1. I'd like to check which strands (runs of 3 or more DSSP E) are fully inside region 648-721 and have at least 1 residues that are open to solvent by 20 Å² or more (accessible area, probe 1.4 Å) and not assigned by the TED database to the domain that holds TRP589.
2. Please go through region 260-288 and give me each residue that is open to solvent by less than 40 Å² (accessible area, probe 1.4 Å) and hydrophobic (A, V, I, L, M, F, W, C), ordered by number.
3. Kindly provide the set of residues from region 772-799 that are surrounded by fewer than 21 Cβ atoms within 10 Å (Cβ to Cβ) and over 30 Å from ARG718 (Cβ atoms), ordered by number.
4. How many residues does region 227-256 hold that are more than 24 Å from the chain's Cα centre (by Cα) and either under 25 Å from ARG925 (Cα atoms) or of a type in the set (D, E, K, R) (or both)?
5. SER615 versus (1) in a loop (DSSP other than H, G, I, E, B); (2) open to solvent by less than 30 Å² (accessible area, probe 1.4 Å); (3) not charged (D, E, K, R): which is the lone unmet condition?
6. Give the number of residues within region 722-760 that are within 24 Å of the chain's Cα centre (by Cα), assigned to a loop (DSSP other than H, G, I, E, B) and either on the phi > 0 side of the Ramachandran plot or buried (at least 19 other Cβ atoms within 10 Å of the Cβ) (or both).
Amino acid sequence: MIHSAQSEAGKVRFVVLLLLAFMVFQGLAAQTTVGSLSGFAFSPNGTPQPGVVVVLSGPALQGERTAVTDAGGRFLLPNLPPGTDYRLLATAEEGARLSLSDIVITSGTASTLNVFLGAGSTEITVDGFRPVTPRQAAVPATLTREETVSMPVLGEFQDRSYQTLLYFAPTATHSRLSGNPAVGGATGIENVTVIDGLTLNDPVTGTFGTHLNHAFLYELSTEAFGVEASKGTSTGAFINLLTRSGSNEFHGEVFGWTTGAGWTARENSNDFEITEGRPWRAVDAGFSVSGPIVKDRLWYYVGANPYFKNEEDRGQDVLQNTRDGRVFGVAYDYDKTWRTTTFFGKLTYRPRDGHSLELSLFGDPSRQHLNEGTAVTLFPESRKSRRLQGSANAVLRWTATLSPRLFLDAHAGATHRRDDLKPWDSGADGYGRPLYVSQDWDQDLGVSAGFGRFTIDDRRTRQIGAAMTWTPEGGRLGSHEWLAGFEADLATWSQTSGYTGGFFVQLRKQISPDLTDPDAYQELYVNYLQDPSIRERGFYGALFLQDRWNPVEDVTVTAGLRWERNRLDSERGNDLSLTNLSPRAAVSWDFTGDDRSKLSFSWGRYYERVPLYLSRVLDAGHATYKDTYVNGVKTAHAIYSDVPAFALGGVKNQSQDEWTVTLQHQFGSNLVLGARAVYRDLNRLLETVGYVDPSTGAIRLMVMNPGHQSTPLLETWRSVLPDYVRFPKPRRRYGALELLLDKRFADRWFLHANYTWSRLRGNTAAGYDRGIPELAPNATKEWDIPSAAWIANRYGYLPTDRTHQFKAVAGYRFDGGLLVGGTLRFDTGRPMYKIYDWPKKEVGYGKLLQVPRGTAGRLPSALTLNLHAEYTFQIKGSTLTAFVDAFNALNDQVEFRVEETYYDTRSTYSEPLRRNPGWGKTRSRTEPRALAAGFRWAF
């Protein structure tokens, strides 16, 4: 598209404003990678004491931080790296001293600690002192490296990437998108994942962007509710990862880990295939080294982790003919391999006291030889594929104390991700053969030697941001902590995705015996594309202002406003620009007045960070064609998306409102009990909606807020839909009650446990619907057709509804080198659907529901116990640790996914509905019990 001069000038002005803000802030995002500590100093008679020198030190800090209490007795120490062993020394002008140890700082958290000094020159020392209560309403679920090494970690790809750990946060559940948990009623594409200040979301789908072995992480936290305006969250969770750094001491580590089919219990077959065994082996090995380049000024950390997995799949897919009930077995025998190398490097430079620069480089390049052609085929060789996948990322962070009351936290970075899927045969044999599938079976059956769909995909982002903290002198109305900043992300997406052979054929109603002969079928549907190549651009920008106000010592009021703009620029079609204001507020009260308690309330409006996928629908020149042949005669020529979608005037961004109430109290030095009530309500949905072109009868698309906006274009459906009705308002309502227990690693053991009762109901998942899977953010088929048949039964239990969840993570260290740990997880089953397809020859498309959503029953509850044991040997100044893990120790192989298509696909409404005999049968189960073993040599 040739953009107007006014549009270009507007973008130029906005960029100039961001550059000016950059210059004012002298740097580059909000305090997501560091924490802060503040509080009041009190004299023996209980009055605030000014002039107290507060010095904080610790291994994570590389030096000391100093603050002096103001006239109101308040101090602030911002930009603190996370750590569990900080020491604080407070000295009054008359000589009284107080020393506190084992203070905990977590990333992205504003913590409080009040200092009570003695009389005269009294010296008080308290060891093992940990009462640090966050002042914000959010309660991050945090795991430190000390804790994660006690946990058995096995990813969904039999690797040890960090994503597995995310599922132990309260309310997190599986979304059917590997490594992307659904948190707090949201879907797996609504989270924001940040590593060292760099946003790592896939810019196209919103899913996570990089694998990284948890051995390279220092801390992992998931902040689901009450997220403040200074953080660039969306409508899901804010996932914050901090990596390890170098220090003044040289350290190194070599590690290895392996598991395989020989250490795995027998896998139970599902109802759609009979497995003859899947011999497989997964191995990873790696190293890390760290130390000083210039002592006290410049440090490094470098690590790499090659990972290899191979799998031999043999068995038989069992299909059932939906027309005559015949059962047909298709044998398969193929190999799969994965080769991935995650790497990480960091340089930390402290040019002078109070200033720190960090440069992080990390990625996960991967080559996979899989079988990603059509799932079931009579030509097994055609399934073989080559996938080139992975990312490379870089981020530069700067934290600085510009003055005793002015502080900076900033970053600039870039991400680059490839995801290419190609046939195994890279020449004409691979790309030149079209795929034909028979749809007379309960799943598509490949009846030609074609591969299907290939993809060459490139995704990049460029990011900058800055946040400034200012603490003015306290007065009669209390103390303030102001935070202001901006973020700017530019994204590009280039993709070529087409059919091998140039087209794809669907066959129905076989009338002669030869399955592979297209003439043996009564109906043929030939699909082909206009232009398979796209290049799209996107922009996300935000400005935020926030005040954290202490009207009295034990009360904190936080209020913030976040201005956001999402813009999608298609290459040749239409654009979309969405601007919104996101207000957020919270009140927190330390009701015992000793830094050990918190009663808080928060409210906020959160908006979606719109992925680039929608720009594909807005682009021109990417029509999809479908020709219908009946008995060899062409009877129809359908055109989809020949006209680009457009944004309806007045369209607003998708948003939800959130309310939380949280109660916490600390018992002893490190045990915290709490409860939290949460309610989330979808405020508005951003989606593509269909209308009928009166001149051609074709279905076109527009981007709007269905149920909130109206347009005469929707009335065009009256001429083709006898049951036309207006869309209802989209609903997604989530309510939960959580019980929380956190005991940090001290006195040899730690325990994190949480229980959640929740209810998730509505008529839309508003993201990725695992019940009706379609990874097309804001451009699903769900709201295209305003038909009474479509609307019927939409409201009910949404697919990630789990009534009860219990999770626990624990570890205990014995004398002599033995450490044991484990994880326990219980989830009640998710709701089941009865769905069926829109008739193929009728106007419209999509999935229909036979009974109210989620009322067709529930999958079984799942109980998963994972165990870890290790023993450490001391060897001449180094340690050698051998460990063994047991995953799903109870071997509870419950149904994880079932067939939910209730009726077979029919051509017209006049055809009778035929029950799918496979409905409710098992498609996949949770993984069987598996053992793994490994070692760590640290020096």
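1. So the answer is none; nothing clears 1.
2. ALA261, ALA265, PHE272, ALA282
3. PRO773, LEU775
4. Residues that pass the stated criteria total 2.
5. Among (1) in a loop (DSSP other than H, G, I, E, B); (2) open to solvent by less than 30 Å² (accessible area, probe 1.4 Å); (3) not charged (D, E, K, R), the lone unmet condition for SER615 is (1).
6. Selection size over region 722-760: 1.
Residue by residue, here is whether (1) open to solvent by 20 Å² or more (accessible area, probe 1.4 Å); (2) under 19 Å from the mean Cα position of the chain (by Cα); (3) at pLDDT 90 or above; (4) not hydroxyl-bearing (Ser, Thr, Tyr) holds:
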| position | (1), (2), (3), (4) |
| --- | --- |
| GLY118 | no, no, no, yes |
| PHE129 | yes, no, no, yes |
| PRO140 | yes, yes, no, yes |
| GLY184 | no, yes, yes, yes |
| THR187 | no, yes, yes, no |
| LEU198 | no, yes, yes, yes |
| VAL204 | no, yes, yes, yes |
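A quick yes/no check of all residues on (1) touching a Ser or Thr at 6+ places or on another chain (Cβ under 6 Å); (2) over 29 Å from GLN805 (Cβ atoms); (3) assigned to a loop (DSSP other than H, G, I, E, B):
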position: SER178; (1), (2), (3): no, no, yes
position: THR207; (1), (2), (3): no, no, yes
position: THR210; (1), (2), (3): yes, no, yes
position: SER221; (1), (2), (3): yes, no, no
position: THR233; (1), (2), (3): no, no, yes
position: LEU242; (1), (2), (3): yes, no, no
position: ASN248; (1), (2), (3): no, yes, yes
position: THR258; (1), (2), (3): no, yes, no
position: ALA261; (1), (2), (3): no, yes, no
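The values are calculated or read from the model by the stated rules, or taken from the named source; none is laboratory data. Since this is a predicted model, take the numbers as computed values, not measurements. Using ideal geometry, Cβ is built from the backbone for each residue, glycine included, and neighbour counts are taken over all protein chains shown. Heads up: the accessible areas ignore ligands, DNA and RNA and are worked out on the full protein's heavy atoms, side chains in. Shrake-Rupley method; radii C 1.70, N 1.55, O 1.52, S 1.80 Å.
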